[in-house]
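Encoded as structure tokens, the structure appears first; notes follow it.
Computed from the coordinates by the stated procedures, all read-outs in this text should not be read as laboratory data. Everything quoted here is computed from the prediction, not taken from an experiment. Because the Cβ atoms are built from the backbone with ideal geometry, glycine has one as well, and the counts that use them run over all protein chains shown.
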Amino acid sequence: MANTTSIMLAGVGGQGTILASRILAQLLLDKGYDVKMSEVHGMAQRGGSVTTQVRYGEQVDAPTIAPGQADFILSFEAMEAARTAHFLKPGGTIIANTRRIPSLPILIGKEEYPDDIDERLAERGIDVRWVDAYSIAEELGNTRVENVVLLGAFSTVLPFTEGAWKKAIAQVVPPRHVELNVVAFQRGSRLT
Amino acid sequence: MKSLMTGNEAIARGAWEAGVRFATAYPGTPSTEILENIAGYDEIRSQWSVNEKTALETALGGSIAGARTICAMKHVGLNVAADPLFSSAYMGVNAGLVIVTADDPGCHSSQNEQDNRNYAKAAKLPLIEPSNSQEALDFVKVAFELSEAYSTPVLFRITTRLAHGKSVVTVGRRVDVKPREYVRDTSRFVLMPAQARARHGVLEDRLIQLEDWACTTRLNRVEWGSRKLGIITSGIAYHYAHEVFGEDASYLKLGMSYPFPKKLVEDFAAQVDRLVVIEELDPFIEDAVRAMGIEAEGKAIIPRLGELDSAIIAEAFEKADSKSPPPEDVTGRPPMFCAGCPHRGVFYELGKLPVTITGDIGCYTLGSLPPFAATETCICMGASISAGLGFQKVFNMLNPADPKRTIAVIGDSTFYHSGMTGLLDAVYNDVGLITIILDNRITAMTGHQENPGSGYNLSGQSAPQARPEEIAKALGVERVTTVNPYDLTEVKKALDNALADPHPSVIVSRAPCALLKREAVRRPPYFVDQDACRKCKACLKVACPALYVEDGEVHIDNASCVGCGVCAQVCRFGAINQTEKTGEN
């Protein structure tokens, strides 16, 4: 559908992309949109590349995002931003974490972590906004909230109030973690 | 109230609303969460079975005994359960029985992408296919009505995108369906040849009646748009097609595609100029349309392989606006053993041996990848042992003086699922296969489901604990050794002893999955002493995500290291040390 907005969250298994997308989807549901969300479980979670796709609008058909169809990509890891870049539509935006997580071929010394990601994305004419979410999560004393810091950074490209995001966080995150996640979200939102 | 639900959650909810009282399954991606969600409903007794065959037989028993029952499995699980599946069609049901098959187009987490709609036709069962979570919830309820109205199990087919995709649903209330009285009826429930022949006739008659039902049910509907293009579609493919064509096409959306609603198809085909079938995987609908003598396009333009998406369909119709740019060529990111994974040490040692290693289904299938490059086969659940037996038997035959040895590697849950029978085969035929049971105390890959060895059941209550060692001994294996997989010397010694023994033997490698919070032990992390390090990078051969190289130096990430110590045992220079001693030395 023409009025559907497509958001792809890309990262590495274990980084919390699913939780972040659940918060996003809850917010969109609260706002009365039709929402579809697609995620992959199973073996890919063992340190492999993972994507979660969220689409919203008045009425959403396909649950997945085709190449060239994403309005936004939120990448949790630098290399994953490049891996998913072809899903972005012309004029779309990528918010990307500067975090570099070496993959298996890099870990065992067969390949090098690419140093030219920024250039390659620039060559494609993509608007990329890099954020260092990991450092902020470290400052907050829990690197696991890196995902919500990123969600905060991403929130500024969407037209929703901080209150709406906070409400969604409170619905998705276990009560004892809400406070930390709200702080993480707020810190992230100031990055972009 | 509206909420977002995965297809799996919606099926669980639909089953609950339909008055289901009993549910069985063996976990398998993408079906696992159906039973996990059902376990949250107090009115339903639910259980993990040891495999899909026992799950379906148990479900069939439950249905005949009088309770509405649901049974869920992944697509390849239905192969395991195919025997009772075919019998169940002959017998029919008492209370409703719905069998969910979760197919995996694209092989996200499977060894094949078989299209289980073919099972409906082969076993002669009605087939229901929802397209989104709301339909999943609604159609399950219809499936139970249908099951009881026609005394037939119903095959309910979903795919990964539906199982794990979330969409908006409005929930309803549970109806209290009274249990049905069980009445002894050997003419139905004892499939001796004489009864079976008669039941076959009943089954064929039932299919004719079900086809009439398929032509009038609201599960099958026509949406009129432009009549220049008529699309027959089902499942998730409907949404991809609708995304591309909207009002520019008319749709015959089949929620029940077997028995095939011929009358509906005939009427629809007569009213459109061009007829195209859009479906994932096999030409299941297309073949049925063509068998009616109606000309339709389908797999000539729509791929048979993998998942569809809206871009693939747009392209098939040459409707794509512009070709999207090609993907960036980026270093791959295959899945790998987690930091502290107990499989690591075993595969590190196995990778060094001149043996053939037959593998199985689980996280440890990753042992086939570099740098371990150990495992050589992965066929299906349980096949490591039985295929390994075949390897060893032929190796023995071809080179009796010095046969190459075979080692089968299987996880705990997979061993209970269908490894035990193969092991008995090895003992019975006295074939010197070495079987390693990787007992990580949980069904790990599908997301930590309990199993007969974990000590808990699906509801989280404590349960009798199966011991692989005792099972192996009871099956007649004489050499049964237990090792700590974090101790490479111990692993190596057990392997050497087993290799010296010409008879079947079993090594149980026991340590909890590193992600299993209730059992895993987190020890102080290790670090690399850069002064002692000779930069040989031997430690990288354990492929641990906690190790990384920066400016030519290997470092260990404090946050991800769980202190398993495997990398330290690989270092010949004593350069990898624990940050603080645990005090037990």
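By how many nm would the segment from B:Asp42 to B:Leu499 lengthen if fully extended, with 0.36 nm per residue of separation less the alpha-carbon distance? Spell out each step's value before the answer.
Numbers: separation 457, 0.36 × 457 = 164.52 nm, distance 5.07 nm.
Extra length available between B:Asp42 and B:Leu499 comes to 159.5 nm.
For an R0 of 30 angstrom, estimate the FRET efficiency from the Cβ-Cβ distance between A:Asp127 and B:Glu318 and round to the nearest 0.05. Mind dumping the intermediate values first?
Details: r = 31 Å, r/R0 = 1.02.
E between A:Asp127 and B:Glu318, to the nearest 0.05, is 0.45.
Placing +1 at every Lys and Arg Cβ and -1 at every Asp and Glu Cβ, with all other atoms neutral, what dipole size does segment A:1-144 have around its Cα centre, in debye to the nearest 20?
On the way: 14 positive and 19 negative charges, 80 e Å.
Charge dipole, segment A:1-144, about its Cα centre: 380 debye, nearest 20.
Any lysines with Cα under 25 Å of the B:Lys178 Cα? List them, leaving off those in the same chain fewer than 8 positions away.
Counting by Cα, and skipping residues close in sequence, B:Lys178 has these lysines nearby: B:Lys141.
Using alpha-carbon positions, what is the distance between the centroids of segment A:90-135 and segment B:136-204, in Å?
Spelled out, the Cα-based centre of one part sits 50 Å from the other.
Over chain A, calculate the relative contact order: mean separation of alpha carbon pairs under 8 Å at least 6 apart, over the residue count, as a percent.
Values: 373 pairs, mean separation 40.8, N = 192.
Result for chain A is 21 percent.
Taking the alpha-carbon centroid of each part, what is the distance from segment B:371-399 to segment B:466-508 in angstrom?
If you average the Cα positions of each part, the centres end up 17 Å apart.
Shape of the protein assembly as shown from its Cα gyration tensor (a ≥ b ≥ c, root eigenvalues): rounded if a/c is under 1.5, otherwise prolate when a/b > b/c, or oblate? Walk me through the intermediate numbers first.
Numbers: a/c = 1.78, a/b = 1.14, b/c = 1.55.
Note, shape of the protein assembly as shown comes out oblate.
Label A:Thr192 and A:Phe160 with points 7 Å out from Cα along Cα→Cβ: what is the distance between them in nm?
Taking the two extended label points, one gets 1.3 nm.
Can you show me the helix-derived [θ] at 222 nm for chain B, built from DSSP H runs with n ≥ 4 at -39,500 (n - 2.57) apiece and divided by the number of residues, rounded to the nearest 500.
Working: 20 runs with 195 residues, N = 585.
-9500 deg cm²/dmol, from helical runs alone.
Give the residue list of GluC sites (Glu not before Pro) in segment B:452-512 that are DSSP loop and have at most 14 other beta-carbon atoms within 10 angstrom.
Within segment B:452-512, the qualifying GluC sites (Glu not before Pro) (loop, at most 14 other Cβ atoms within 10 Å) are B:Glu478.
What FRET efficiency would be calculated for the residue pair B:Tyr456, B:Asn484, taking the C-beta separation as r and a Förster radius of 25 Å, to the nearest 0.05? Kindly include the intermediate steps, with their values, before the conclusion.
On the way: r = 23 Å, r/R0 = 0.91.
My answer for the efficiency is 0.65.
Given contacts defined as C-alpha pairs under 8 Å and at least six residues apart, what's the relative contact order of segment B:2-216, whole-number percent?
27
Could you list which residues have their amide H under 5 Å from that of B:Thr446, counting only those 5 or more apart in sequence or on another chain, with H placed in the peptide plane?
Residues meeting the criterion, in which the H sits 1.01 Å from N, do not exist here.
Among A:Val12, A:Leu28, A:Pro67, which residue has its Cα positioned farthest towards the positive end of the charge dipole of segment A:5-189, with +1 placed on the Cβ of Lys and Arg, -1 on the Cβ of Asp and Glu, and the dipole taken about the Cα centre?
Towards the positive end, the residue furthest out is A:Leu28.
From the backbone phi of segment A:18-33, what are the Karplus-calculated ³J(HN,Hα) couplings (6.51 cos²θ - 1.76 cosθ + 1.60, θ = phi - 60°) in whole Hz, Gly and Pro given as x?
These are the phi-based 3J(HN,Hα) values: 5, 4, 4, 5, 5, 5, 4, 5, 5, 4, 5, 5, 4, 7, x, 7 Hz.
Mind putting a number on the dipole of segment B:397-441 about its Cα centre? Charges go on the C-beta only, +1 for Lys and Arg and -1 for Asp and Glu, and I need it in Debye to the nearest 20.
Numbers: 3 positive and 5 negative charges, 23 e Å.
Computed charge dipole of segment B:397-441: roughly 120 debye.
In whole percent, what relative contact order does chain B give with Cα contacts below 8 Å and a gap of six or more residues? Kindly include the intermediate steps, with their values, before the conclusion.
Working: 1253 pairs, mean separation 61.6, N = 585.
The normalised contact order for chain B reaches 11 percent.
With a cap of 13 neighbouring Cβ atoms within 10 Å, and only residues DSSP puts in a loop, list the GluC sites (Glu not before Pro) found in segment A:87-134.
On the way: sites: A:Glu111, A:Glu112, A:Glu119, A:Glu123; in loops: A:Glu111, A:Glu112.
For GluC sites (Glu not before Pro) across segment A:87-134 that sit outside H, G, I, E and B with at most 13 neighbouring Cβ atoms in 10 Å, the list reads A:Glu112.
Once Lys and Arg get +1 and Asp and Glu get -1 on their Cβ, which of B:Gly345, B:Ser413, B:Thr443 lies farthest toward the positive end of the dipole of segment B:345-446?
B:Gly345
Lys/Arg Cβ at +1, Asp/Glu Cβ at -1, dipole of segment B:45-133 taken about the Cα centre: which of B:Val76, B:Ala122, B:Val98 is farthest positive-ward?
B:Val98
Enter the mean number of other protein chain beta carbons within 10 Å of the beta carbon of each residue in A:102-115, as an integer.
Details: counts 7, 8, 13, 7, 6, 12, 11, 6, 4, 2, 2, 4, 4, 0.
Taking all residues of A:102-115 together, the mean is 6.
Give the long-range amide H neighbours of B:Ile436: residues separated by 5 or more places, or on another chain, with amide H under 5 Å away, using H modelled in the peptide plane at 1.01 Å from N.
It is B:Ala408, B:Val409, B:Ile410, B:Ile507, by chain and number.
With charges only on Cβ, +1 for K and R and -1 for D and E, what is the dipole size of the protein assembly as shown about its Cα centre, in debye, rounded to 20?
Numbers: 78 positive and 93 negative charges, 287 e Å.
Approximately 1380 debye in magnitude.
How far apart, in nm, are the 7 Å Cα→Cβ label points at A:Arg120 and B:Asp551?
With each label placed 7 Å out from Cα toward Cβ, I get 2.6 nm.
So how do B:Glu376, B:Glu349 line up by other beta-carbon neighbours within 10 Å, fewest first? Please list the in-between numbers first.
On the way: B:Glu376 17, B:Glu349 22.
Ascending Cβ contact count within 10 Å gives the list B:Glu376, B:Glu349.
Give the distance, in whole Å, between the Cα centre of segment B:214-272 and the Cα centre of segment B:330-363.
47
Once the Cβ-Cβ distance between B:Ile301 and B:Lys228 is put in as r, and R0 is 22 Å, what FRET efficiency do you end up with, to the nearest 0.05?
0.85
Would you please give the residues with an amide H less than 5 Å from that of B:Arg479, counting only those at least 5 places away or on a separate chain, with H modeled from the backbone geometry?
Those lying under 5 Å, H to H, from B:Arg479 are B:Val506.
Starting from the Cα gyration tensor of chain B, take the square roots of the eigenvalues, sort them a ≥ b ≥ c, and report rounded, prolate or oblate (rounded when a/c is under 1.5, otherwise prolate if a/b is larger than b/c, else oblate). Don't skip to the end; give the middle numbers.
Values: a/c = 2.04, a/b = 1.57, b/c = 1.30.
Note, shape of chain B comes out prolate.
Could I have the simple spin-label model distance between B:Asp529 and B:Lys492, label points 7 Å from Cα toward Cβ, reported in nm to one decimal?
Once both label points are built, they end up 2.1 nm from each other.
Relative to the present Cα-Cα distance, how much length would full extension add between B:Val183 and B:Gln271 at 0.36 nm per residue of separation?
Length difference between fully extended and current span is 26.8 nm.
Mind running the shape call on segment A:64-192? Use the C-alpha gyration tensor, a ≥ b ≥ c as the square roots of the eigenvalues: rounded below 1.5 for a/c, prolate if a/b tops b/c, oblate otherwise. Mind dumping the intermediate values first?
On the way: a/c = 2.19, a/b = 1.36, b/c = 1.62.
The shape class here is oblate.
If the cut-off is 17 Å between C-alpha atoms, which aspartates and glutamates fall inside it for A:Lys110, apart from same-chain ones fewer than 8 positions away?
By straight Cα distance, A:Lys110 reaches B:Asp329, B:Glu550, B:Asp551, B:Glu553.
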